[in-house]
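A.B. asks: I'd like to ask you about the structure that follows.
The values are calculated or read from the model by the stated rules, or taken from the named source; none is laboratory data. Everything numeric here is computed off the predicted structure, so don't read it as measured data. Virtual Cβ from ideal backbone geometry, glycine too; neighbours counted across all protein chains shown.
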Amino acid sequence: MRIEAKLVELLGRTEELLAVNRVPVLAVAHALETNKTVTGEDAAAVIEGVEGPILDGRGYHTDEFAEAAERYHAMVVAAHKGHAKVEAPMPALRPYELVGAAHGAEAAGATDHALFEPPHDEE
């Protein structure tokens, strides 16, 4: 019984860590899925929201990314549970210059930033 109690405790701690760090976990998952290989330094940059040697982690620290990542993750979970294919493409980060003005980032002094853009429905 002691082993089972320890496993229950560890499961609870793990669930708490994942809940507290949900967006950084989704960000690293996105970076890995998008790039296939990510160095430790670039993974840290994604988690910390700074520029890494190759990847710019700042785009992962936006409300847009958090919302789009949650939507995409929900679709992936539903597909997995239903043994189906994920129908939506993975959302992509876009360079700051393309979307920064629309988000008022230029006025805030942000430069060379990447913001998350969820996929658009094609009409």
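A.B. asks: Can you tell me how many residues in segment 30-63 are touching a residue at least 40 places away in the same chain (Cβ under 8 Å) and either touching a helix residue (DSSP H, G or I) at 6+ places or on another chain (Cβ under 6 Å) or among the small types (Gly, Ala, Ser) (or both)? Steps first, answer last, please.
C.D. replies: Within segment 30-63, the subset touching a residue at least 40 places away in the same chain (Cβ under 8 Å) is 30, 33-34, 56, 58-60, 62.
Going one step further and asking which of them are either touching a helix residue (DSSP H, G or I) at 6+ places or on another chain (Cβ under 6 Å) or among the small types (Gly, Ala, Ser) (or both), we end up with 59-60.
The number of residues fulfilling the criteria is 2.
A.B. asks: Can you tell me which condition GLY109 does not meet? The list is (1) under 25 Å from VAL20 (Cβ atoms); (2) at pLDDT below 55; (3) of a type outside the set (S, T, N, Q); (4) loosely packed, with under 11 Cβ neighbours inside 10 Å, and all the others hold.
C.D. replies: (1)
A.B. asks: Residues of segment 52-83 being aliphatic (A, V, I, L, M) and either on the phi > 0 side of the Ramachandran plot or in contact with a Leu (Cβ under 7 Å, 6 or more places away or on another chain) (or both), which ones?
C.D. replies: ALA69 - this is the single residue of segment 52-83 that is aliphatic (A, V, I, L, M) and either on the phi > 0 side of the Ramachandran plot or in contact with a Leu (Cβ under 7 Å, 6 or more places away or on another chain) (or both).
A.B. asks: If only one of VAL46, VAL28 is in a helix (DSSP H, G or I) and touching a Leu at 6+ places or on another chain (Cβ under 9 Å), which one is it?
C.D. replies: Residue meeting the stated conditions: VAL46.
A.B. asks: Suppose we filter ALA92, ALA69 for residues that are out of contact with any Phe, Trp or Tyr (no Cβ under 6 Å at 6 or more places or on another chain), modelled with pLDDT of 90 or more and surrounded by 13 or more Cβ atoms within 10 Å (Cβ to Cβ); which single one remains?
C.D. replies: Values: ALA92 fails: modelled with pLDDT of 90 or more.
Exactly one of ALA92, ALA69 is out of contact with any Phe, Trp or Tyr (no Cβ under 6 Å at 6 or more places or on another chain), modelled with pLDDT of 90 or more and surrounded by 13 or more Cβ atoms within 10 Å (Cβ to Cβ), namely ALA69.
Results for (1) touching a His at 6+ places or on another chain (Cβ under 7 Å); (2) within 20 Å of ALA19 (Cβ to Cβ); (3) basic (Lys, Arg), shown as yes or no for each residue.
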{"residue": "ALA45", "(1), (2), (3)": "no, no, no"}
{"residue": "GLU48", "(1), (2), (3)": "no, yes, no"}
{"residue": "GLY52", "(1), (2), (3)": "no, no, no"}
{"residue": "LEU55", "(1), (2), (3)": "no, no, no"}
{"residue": "GLY59", "(1), (2), (3)": "yes, no, no"}
{"residue": "ASP63", "(1), (2), (3)": "no, yes, no"}
{"residue": "GLU70", "(1), (2), (3)": "no, yes, no"}
{"residue": "VAL76", "(1), (2), (3)": "no, yes, no"}
{"residue": "HIS83", "(1), (2), (3)": "no, no, no"}
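A.B. asks: Okay, next question. Is it the case, given these coordinates, that HIS83 is at pLDDT 90 or above and part of a loop (DSSP other than H, G, I, E, B)?
C.D. replies: When the stated conditions are applied, HIS83 passes them.
A.B. asks: Let me ask something else about it. Of (1) surrounded by 19 or more Cβ atoms within 10 Å (Cβ to Cβ); (2) more than 16 Å from ALA92 (Cβ to Cβ), ASP56 satisfies all except one. Which?
C.D. replies: Among (1) surrounded by 19 or more Cβ atoms within 10 Å (Cβ to Cβ); (2) more than 16 Å from ALA92 (Cβ to Cβ), ASP56 violates only (2).
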